[in-house]
1. When Glu160 is evaluated against the numbered criteria (1) within 16 Å of ligand 2 (Cβ to nearest atom); (2) buried (at least 18 other Cβ atoms within 10 Å of the Cβ); (3) among the acidic types (Asp, Glu), which criterion, by number, is the only one it fails?
2. Might you check whether a residue that is assigned to a strand (DSSP E or B), farther than 16 Å from Val218 by Cβ, more than 16 Å from ligand 1 (Cβ to nearest atom) and assigned by TED's automatic domain parsing to the domain that holds His235 occurs anywhere in the stretch 170-183?
3. Looking at Thr221, Thr211, Thr199, Thr177, which one is surrounded by 24 or more Cβ atoms within 10 Å (Cβ to Cβ), β-branched (Val, Ile, Thr) and at pLDDT 95 or above?
4. Applying the selection to the stretch 67-122, what residues are among the polar types (S, T, N, Q), in contact (Cβ under 8 Å) with a residue 60 or more places away in the chain and under 28 Å from Asp185 (Cα atoms)?
5. Criterion first (within 16 Å of ligand 1 (Cβ to nearest atom), farther than 19 Å from Asp230 by Cα and aromatic (Phe, Trp, Tyr)) does Phe138 satisfy it?
6. Can you list the strands (runs of 3 or more DSSP E) found entirely within the stretch 234-326 that contain at least 2 residues being within 16 Å of ligand 2 (Cβ to nearest atom) and surrounded by 15 or more Cβ atoms within 10 Å (Cβ to Cβ)?
7. Do we have Glu197 as within 16 Å of ligand 2 (Cβ to nearest atom) and within 23 Å of Leu145 (Cα to Cα) here?
8. Restricting to the stretch 122-138, name every residue that is crowded, with 22+ Cβ neighbours inside 10 Å and out of contact with any Pro (no Cβ under 9 Å at 6 or more places or on another chain).
Amino acid sequence: MAKKTLVAASAITLSAMVLTACGSDSDSASGNDDGSITMGFAQVGAESGWRTANTKSVQESAEEAGFELKFSDAQQKQENQIKAIRSYIQQKVDVIAFSPVVETGWDAVLQEAKRAKIPVILTDRAVDSEDTSLYETFLGSDFILEGEKAGEWLVENAGEMDVDGNGAINVVQLEGTTGAAPALDRAEGFASAIEAEDTVEVVASQTGDFTRDGGKKVMETFLGSEKGIDVVFAHNDDMGLGAIEAIEAAGLEPGKDIKIITVDAVKDGMAALAEGKISFIVECNPLLGPQLMDLAQKVVDGEDVPERVVTEETTFTQEQAAEVLADRQY
Ligand code: GZL
Ligand code: ZN
(Lines give C-alpha, C1' and ligand atoms only; values in the text may rest on other atoms or scores of the structure.)
(Ligands and ions follow the chains in the order given, each with its own letter.)
Protein backbone atom coordinates (compact mmCIF):
# COMPACT_ATOMS: atom_id res chain seq x y z
CA MET A 1 0.00 0.00 0.00
CA ALA A 2 2.65 2.48 1.10
CA LYS A 3 4.67 1.81 -2.11
CA LYS A 4 1.63 2.50 -4.35
CA THR A 5 0.87 5.78 -2.51
CA LEU A 6 4.52 6.82 -2.84
CA VAL A 7 4.51 6.14 -6.61
CA ALA A 8 1.23 8.01 -7.05
CA ALA A 9 2.51 10.95 -5.01
CA SER A 10 5.73 11.27 -7.00
CA ALA A 11 3.76 11.06 -10.25
CA ILE A 12 1.57 13.98 -9.11
CA THR A 13 4.67 15.98 -8.08
CA LEU A 14 6.34 15.25 -11.41
CA SER A 15 3.32 16.30 -13.49
CA ALA A 16 2.90 19.43 -11.36
CA MET A 17 6.58 20.28 -12.03
CA VAL A 18 6.13 19.82 -15.79
CA LEU A 19 2.96 21.94 -15.74
CA THR A 20 4.73 24.67 -13.76
CA ALA A 21 7.63 24.76 -16.18
CA CYS A 22 5.30 25.01 -19.20
CA GLY A 23 2.90 27.33 -17.41
CA SER A 24 5.54 29.80 -16.22
CA ASP A 25 4.67 33.36 -17.07
CA SER A 26 7.99 34.24 -18.69
CA ASP A 27 7.68 36.34 -21.80
CA SER A 28 9.37 33.92 -24.18
CA ALA A 29 7.04 31.58 -26.05
CA SER A 30 9.13 28.58 -25.15
CA GLY A 31 8.50 29.29 -21.47
CA ASN A 32 12.14 29.71 -20.40
CA ASP A 33 11.88 31.15 -16.90
CA ASP A 34 14.75 33.57 -17.44
CA GLY A 35 13.21 34.81 -20.69
CA SER A 36 16.18 33.49 -22.67
CA ILE A 37 15.61 32.46 -26.26
CA THR A 38 15.08 28.91 -27.46
CA MET A 39 16.23 28.44 -31.07
CA GLY A 40 15.44 25.46 -33.28
CA PHE A 41 18.18 25.01 -35.90
CA ALA A 42 17.66 22.53 -38.79
CA GLN A 43 21.10 21.94 -40.32
CA VAL A 44 21.64 20.47 -43.82
CA GLY A 45 23.96 17.66 -42.73
CA ALA A 46 27.70 17.08 -42.22
CA GLU A 47 28.69 16.71 -45.88
CA SER A 48 31.76 18.94 -45.98
CA GLY A 49 34.43 20.76 -44.03
CA TRP A 50 32.46 23.93 -44.59
CA ARG A 51 29.35 22.42 -42.98
CA THR A 52 31.32 21.21 -39.96
CA ALA A 53 32.75 24.71 -39.44
CA ASN A 54 29.27 26.22 -39.89
CA THR A 55 27.73 23.86 -37.30
CA LYS A 56 30.52 24.63 -34.81
CA SER A 57 29.97 28.37 -35.30
CA VAL A 58 26.20 28.08 -34.72
CA GLN A 59 26.56 25.88 -31.62
CA GLU A 60 29.34 27.95 -30.01
CA SER A 61 27.54 31.24 -30.73
CA ALA A 62 24.27 29.95 -29.22
CA GLU A 63 26.21 28.97 -26.09
CA GLU A 64 27.87 32.38 -26.03
CA ALA A 65 24.50 34.15 -26.38
CA GLY A 66 22.93 32.05 -23.61
CA PHE A 67 20.34 30.63 -26.00
CA GLU A 68 18.84 27.16 -25.60
CA LEU A 69 19.70 25.50 -28.97
CA LYS A 70 17.72 22.57 -30.37
CA PHE A 71 19.86 21.24 -33.25
CA SER A 72 19.17 18.63 -35.95
CA ASP A 73 21.31 17.15 -38.77
CA ALA A 74 19.15 16.23 -41.79
CA GLN A 75 21.80 14.10 -43.56
CA GLN A 76 21.17 16.31 -46.62
CA LYS A 77 17.51 15.17 -46.89
CA GLN A 78 14.81 17.82 -47.24
CA GLU A 79 12.16 15.64 -45.60
CA ASN A 80 14.31 15.44 -42.46
CA GLN A 81 14.67 19.21 -42.35
CA ILE A 82 10.91 19.63 -42.72
CA LYS A 83 10.33 17.10 -39.92
CA ALA A 84 12.77 18.99 -37.68
CA ILE A 85 11.07 22.33 -38.38
CA ARG A 86 7.67 20.77 -37.59
CA SER A 87 9.02 19.45 -34.28
CA TYR A 88 10.36 22.91 -33.39
CA ILE A 89 6.89 24.33 -34.09
CA GLN A 90 5.37 21.67 -31.77
CA GLN A 91 7.90 22.56 -29.09
CA LYS A 92 6.95 26.24 -29.44
CA VAL A 93 10.53 27.47 -29.83
CA ASP A 94 11.01 31.24 -29.97
CA VAL A 95 12.75 31.27 -33.35
CA ILE A 96 13.61 28.79 -36.11
CA ALA A 97 16.76 29.03 -38.24
CA PHE A 98 17.82 26.68 -41.03
CA SER A 99 19.90 26.29 -44.18
CA PRO A 100 17.50 24.90 -46.85
CA VAL A 101 19.26 21.97 -48.52
CA VAL A 102 17.48 22.82 -51.82
CA GLU A 103 15.65 25.98 -52.95
CA THR A 104 12.18 24.54 -53.56
CA GLY A 105 9.43 22.87 -51.48
CA TRP A 106 9.40 25.01 -48.31
CA ASP A 107 6.20 27.07 -48.56
CA ALA A 108 3.93 24.63 -46.67
CA VAL A 109 6.13 24.20 -43.60
CA LEU A 110 7.02 27.90 -43.56
CA GLN A 111 3.28 28.70 -43.63
CA GLU A 112 2.86 26.42 -40.59
CA ALA A 113 5.59 28.32 -38.73
CA LYS A 114 3.96 31.62 -39.69
CA ARG A 115 0.55 30.41 -38.41
CA ALA A 116 2.25 29.37 -35.16
CA LYS A 117 3.75 32.91 -34.98
CA ILE A 118 7.30 31.54 -34.86
CA PRO A 119 9.75 33.73 -36.82
CA VAL A 120 12.11 31.98 -39.27
CA ILE A 121 15.64 33.05 -40.24
CA LEU A 122 17.29 31.60 -43.38
CA THR A 123 21.04 31.04 -43.05
CA ASP A 124 23.58 30.04 -45.70
CA ARG A 125 21.23 28.81 -48.46
CA ALA A 126 18.10 30.47 -49.85
CA VAL A 127 14.58 29.31 -50.77
CA ASP A 128 12.72 30.20 -53.96
CA SER A 129 9.45 31.13 -52.15
CA GLU A 130 7.86 34.20 -53.73
CA ASP A 131 6.32 35.07 -50.36
CA THR A 132 9.12 36.79 -48.45
CA SER A 133 6.79 37.19 -45.44
CA LEU A 134 7.57 33.51 -44.72
CA TYR A 135 10.95 34.42 -43.22
CA GLU A 136 12.38 37.45 -41.43
CA THR A 137 15.80 37.65 -43.12
CA PHE A 138 18.46 35.76 -45.09
CA LEU A 139 22.04 35.62 -43.74
CA GLY A 140 24.67 34.22 -46.10
CA SER A 141 26.92 34.61 -49.12
CA ASP A 142 26.27 35.89 -52.62
CA PHE A 143 26.82 32.61 -54.48
CA ILE A 144 26.48 34.17 -57.96
CA LEU A 145 29.34 36.54 -57.09
CA GLU A 146 31.39 33.56 -55.89
CA GLY A 147 30.90 31.85 -59.28
CA GLU A 148 31.79 35.09 -61.08
CA LYS A 149 35.00 35.48 -59.05
CA ALA A 150 36.06 31.95 -60.07
CA GLY A 151 35.29 32.57 -63.75
CA GLU A 152 36.96 35.99 -63.80
CA TRP A 153 40.18 34.56 -62.36
CA LEU A 154 40.16 31.81 -65.00
CA VAL A 155 39.71 34.37 -67.80
CA GLU A 156 42.42 36.67 -66.34
CA ASN A 157 44.83 33.72 -66.25
CA ALA A 158 43.70 32.09 -69.50
CA GLY A 159 47.27 32.25 -70.79
CA GLU A 160 48.34 29.53 -68.33
CA MET A 161 45.10 27.52 -68.40
CA ASP A 162 45.31 25.83 -71.80
CA VAL A 163 47.45 23.10 -70.26
CA ASP A 164 47.44 20.79 -73.30
CA GLY A 165 48.11 23.72 -75.66
CA ASN A 166 45.35 22.79 -78.09
CA GLY A 167 44.02 26.36 -78.18
CA ALA A 168 40.89 25.48 -76.20
CA ILE A 169 40.51 25.74 -72.42
CA ASN A 170 38.25 22.77 -71.64
CA VAL A 171 36.59 22.96 -68.22
CA VAL A 172 34.81 20.16 -66.36
CA GLN A 173 32.48 21.34 -63.57
CA LEU A 174 31.78 19.47 -60.32
CA GLU A 175 28.38 20.83 -59.25
CA GLY A 176 27.09 21.01 -55.70
CA THR A 177 23.87 19.35 -54.54
CA THR A 178 21.25 19.37 -57.32
CA GLY A 179 18.75 22.17 -56.70
CA ALA A 180 20.79 23.81 -53.92
CA ALA A 181 21.16 27.60 -54.14
CA PRO A 182 25.01 27.52 -54.01
CA ALA A 183 25.11 24.96 -56.84
CA LEU A 184 22.64 26.81 -59.07
CA ASP A 185 24.14 30.25 -58.41
CA ARG A 186 27.83 29.35 -58.58
CA ALA A 187 27.21 27.67 -61.96
CA GLU A 188 25.31 30.76 -63.15
CA GLY A 189 28.00 33.20 -62.00
CA PHE A 190 30.82 31.11 -63.47
CA ALA A 191 29.04 30.76 -66.83
CA SER A 192 28.42 34.51 -67.06
CA ALA A 193 32.05 35.33 -66.25
CA ILE A 194 33.52 33.04 -68.93
CA GLU A 195 30.90 33.83 -71.60
CA ALA A 196 32.97 36.50 -73.38
CA GLU A 197 36.10 34.33 -73.49
CA ASP A 198 35.44 32.03 -76.45
CA THR A 199 38.46 29.78 -75.80
CA VAL A 200 36.94 28.72 -72.43
CA GLU A 201 34.19 26.10 -72.54
CA VAL A 202 32.49 23.90 -69.92
CA VAL A 203 32.63 20.55 -71.76
CA ALA A 204 31.06 18.47 -68.95
CA SER A 205 29.17 19.21 -65.73
CA GLN A 206 27.76 16.85 -63.08
CA THR A 207 26.81 16.93 -59.40
CA GLY A 208 29.20 15.54 -56.79
CA ASP A 209 26.73 16.54 -54.02
CA PHE A 210 29.32 18.71 -52.23
CA THR A 211 31.14 15.62 -50.90
CA ARG A 212 34.76 14.50 -51.35
CA ASP A 213 33.64 11.04 -52.46
CA GLY A 214 31.15 12.53 -54.91
CA GLY A 215 33.84 14.74 -56.43
CA LYS A 216 36.23 11.79 -56.78
CA LYS A 217 33.65 9.55 -58.49
CA VAL A 218 32.54 12.24 -60.97
CA MET A 219 36.15 13.16 -61.78
CA GLU A 220 36.93 9.49 -62.46
CA THR A 221 34.05 9.48 -64.95
CA PHE A 222 35.24 12.69 -66.61
CA LEU A 223 38.82 11.39 -66.90
CA GLY A 224 37.41 8.38 -68.76
CA SER A 225 34.99 10.27 -71.01
CA GLU A 226 36.55 13.68 -71.70
CA LYS A 227 39.65 14.26 -73.81
CA GLY A 228 41.86 17.31 -73.16
CA ILE A 229 40.60 18.44 -69.75
CA ASP A 230 42.52 21.61 -68.80
CA VAL A 231 40.58 22.88 -65.77
CA VAL A 232 38.27 21.60 -63.02
CA PHE A 233 35.80 24.07 -61.48
CA ALA A 234 34.48 22.46 -58.27
CA HIS A 235 31.63 24.16 -56.36
CA ASN A 236 33.39 23.37 -53.07
CA ASP A 237 36.82 22.39 -51.73
CA ASP A 238 35.69 18.90 -50.71
CA MET A 239 34.76 17.91 -54.28
CA GLY A 240 38.00 19.52 -55.50
CA LEU A 241 39.97 17.38 -53.03
CA GLY A 242 38.12 14.30 -54.28
CA ALA A 243 39.03 15.27 -57.84
CA ILE A 244 42.70 15.52 -56.79
CA GLU A 245 42.54 11.90 -55.58
CA ALA A 246 41.10 10.79 -58.95
CA ILE A 247 43.61 12.85 -60.97
CA GLU A 248 46.58 11.44 -59.03
CA ALA A 249 45.18 7.89 -59.30
CA ALA A 250 45.16 8.42 -63.08
CA GLY A 251 48.89 9.22 -62.94
CA LEU A 252 48.38 12.94 -63.60
CA GLU A 253 49.68 15.86 -61.52
CA PRO A 254 46.97 18.23 -60.18
CA GLY A 255 48.04 21.88 -60.56
CA LYS A 256 50.29 20.95 -63.47
CA ASP A 257 48.44 18.56 -65.85
CA ILE A 258 45.00 19.82 -64.75
CA LYS A 259 44.29 23.16 -62.99
CA ILE A 260 41.69 23.20 -60.19
CA ILE A 261 39.52 26.11 -59.01
CA THR A 262 37.26 25.65 -55.95
CA VAL A 263 35.00 27.54 -53.51
CA ASP A 264 34.99 27.58 -49.66
CA ALA A 265 38.63 27.99 -48.44
CA VAL A 266 38.43 25.46 -45.61
CA LYS A 267 41.74 24.31 -44.11
CA ASP A 268 42.20 21.18 -46.29
CA GLY A 269 41.46 23.19 -49.42
CA MET A 270 43.85 25.95 -48.40
CA ALA A 271 46.58 23.37 -47.71
CA ALA A 272 46.14 21.91 -51.22
CA LEU A 273 46.22 25.48 -52.61
CA ALA A 274 49.42 26.30 -50.72
CA GLU A 275 51.11 23.16 -52.04
CA GLY A 276 50.08 23.96 -55.63
CA LYS A 277 47.51 21.21 -56.27
CA ILE A 278 44.65 23.75 -56.37
CA SER A 279 45.23 27.00 -58.31
CA PHE A 280 42.62 29.40 -56.88
CA ILE A 281 39.97 29.35 -54.14
CA VAL A 282 36.98 31.66 -53.71
CA GLU A 283 36.17 31.98 -50.00
CA CYS A 284 32.69 31.20 -48.66
CA ASN A 285 32.44 32.19 -45.01
CA PRO A 286 30.84 29.49 -42.75
CA LEU A 287 31.22 31.47 -39.51
CA LEU A 288 27.63 32.73 -39.50
CA GLY A 289 26.94 31.98 -35.82
CA PRO A 290 27.54 35.39 -34.20
CA GLN A 291 25.49 37.31 -36.78
CA LEU A 292 22.72 34.67 -36.59
CA MET A 293 22.31 34.99 -32.83
CA ASP A 294 22.35 38.78 -33.07
CA LEU A 295 19.61 38.70 -35.73
CA ALA A 296 17.59 36.15 -33.71
CA GLN A 297 17.68 38.35 -30.61
CA LYS A 298 16.49 41.35 -32.64
CA VAL A 299 13.73 39.30 -34.34
CA VAL A 300 12.43 37.92 -31.03
CA ASP A 301 12.55 41.44 -29.52
CA GLY A 302 10.42 42.63 -32.44
CA GLU A 303 13.14 44.91 -33.80
CA ASP A 304 13.54 45.56 -37.53
CA VAL A 305 16.20 43.51 -39.33
CA PRO A 306 17.52 43.87 -42.90
CA GLU A 307 15.86 41.58 -45.47
CA ARG A 308 19.28 40.22 -46.41
CA VAL A 309 22.66 40.19 -44.62
CA VAL A 310 25.53 39.26 -46.97
CA THR A 311 28.70 37.88 -45.40
CA GLU A 312 32.21 39.25 -45.99
CA GLU A 313 34.53 36.97 -47.97
CA THR A 314 37.54 37.11 -50.29
CA THR A 315 39.64 34.96 -52.65
CA PHE A 316 43.02 33.22 -52.35
CA THR A 317 45.90 32.53 -54.75
CA GLN A 318 48.59 29.93 -53.97
CA GLU A 319 50.92 32.60 -52.56
CA GLN A 320 48.19 34.09 -50.35
CA ALA A 321 47.20 30.65 -49.02
CA ALA A 322 50.78 29.91 -47.97
CA GLU A 323 50.80 33.18 -45.99
CA VAL A 324 47.52 32.71 -44.08
CA LEU A 325 47.30 28.91 -43.71
CA ALA A 326 48.61 28.80 -40.14
CA ASP A 327 46.02 31.35 -38.96
CA ARG A 328 42.93 29.76 -40.53
CA GLN A 329 40.24 29.04 -37.88
CA TYR A 330 38.61 26.15 -39.79
C1 GZL B 1 27.68 27.35 -49.11
C2 GZL B 1 27.27 26.03 -48.48
C3 GZL B 1 27.89 24.91 -49.24
C4 GZL B 1 29.41 24.89 -49.17
C5 GZL B 1 29.66 23.44 -49.20
O6 GZL B 1 27.24 28.39 -48.33
O7 GZL B 1 25.87 25.87 -48.49
O8 GZL B 1 27.43 23.68 -48.66
O9 GZL B 1 30.03 25.59 -50.21
C10 GZL B 1 28.60 22.95 -48.24
O11 GZL B 1 30.94 23.04 -48.79
O12 GZL B 1 28.42 21.59 -48.32
ZN1 ZN C 1 43.33 22.86 -73.98
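The values are calculated or read from the model by the stated rules, or taken from the named source; none is laboratory data. Just so it is clear, the structure is predicted and the values come from calculations on it, not from any experiment. Methodologically, a virtual Cβ is constructed for each residue, glycine included, from the backbone with ideal geometry; neighbour enumeration extends over all protein chains shown.
1. For Glu160, the failing item is (2).
2. Our first condition is that a residue be assigned to a strand (DSSP E or B); within the stretch 170-183, this holds for 170-175.
Subsequent filtering for residues that are farther than 16 Å from Val218 by Cβ retains none.
No, because not a single residue in the stretch 170-183 is assigned to a strand (DSSP E or B), farther than 16 Å from Val218 by Cβ, more than 16 Å from ligand 1 (Cβ to nearest atom) and assigned by TED's automatic domain parsing to the domain that holds His235.
3. Working: Thr221 fails: surrounded by 24 or more Cβ atoms within 10 Å (Cβ to Cβ); Thr211 fails: surrounded by 24 or more Cβ atoms within 10 Å (Cβ to Cβ); Thr199 fails: surrounded by 24 or more Cβ atoms within 10 Å (Cβ to Cβ).
Being surrounded by 24 or more Cβ atoms within 10 Å (Cβ to Cβ), β-branched (Val, Ile, Thr) and at pLDDT 95 or above holds for just one of Thr221, Thr211, Thr199, Thr177, which is Thr177.
4. So in the stretch 67-122, the residues among the polar types (S, T, N, Q) come out as 72, 75-76, 78, 80-81, 87, 90-91, 99, 104, 111.
Still in the list and also in contact (Cβ under 8 Å) with a residue 60 or more places away in the chain: 76, 91, 104.
Selection gives Gln76, Thr104.
5. Working: within 16 Å of ligand 1 (Cβ to nearest atom): yes; farther than 19 Å from Asp230 by Cα: yes; aromatic (Phe, Trp, Tyr): yes.
For Phe138, the condition - within 16 Å of ligand 1 (Cβ to nearest atom), farther than 19 Å from Asp230 by Cα and aromatic (Phe, Trp, Tyr) - is met.
6. Counting at least 2 such residues, we get 259-264.
7. On the way: within 16 Å of ligand 2 (Cβ to nearest atom): yes; within 23 Å of Leu145 (Cα to Cα): yes.
So Glu197 passes the test.
8. Correct list: Thr123 only.
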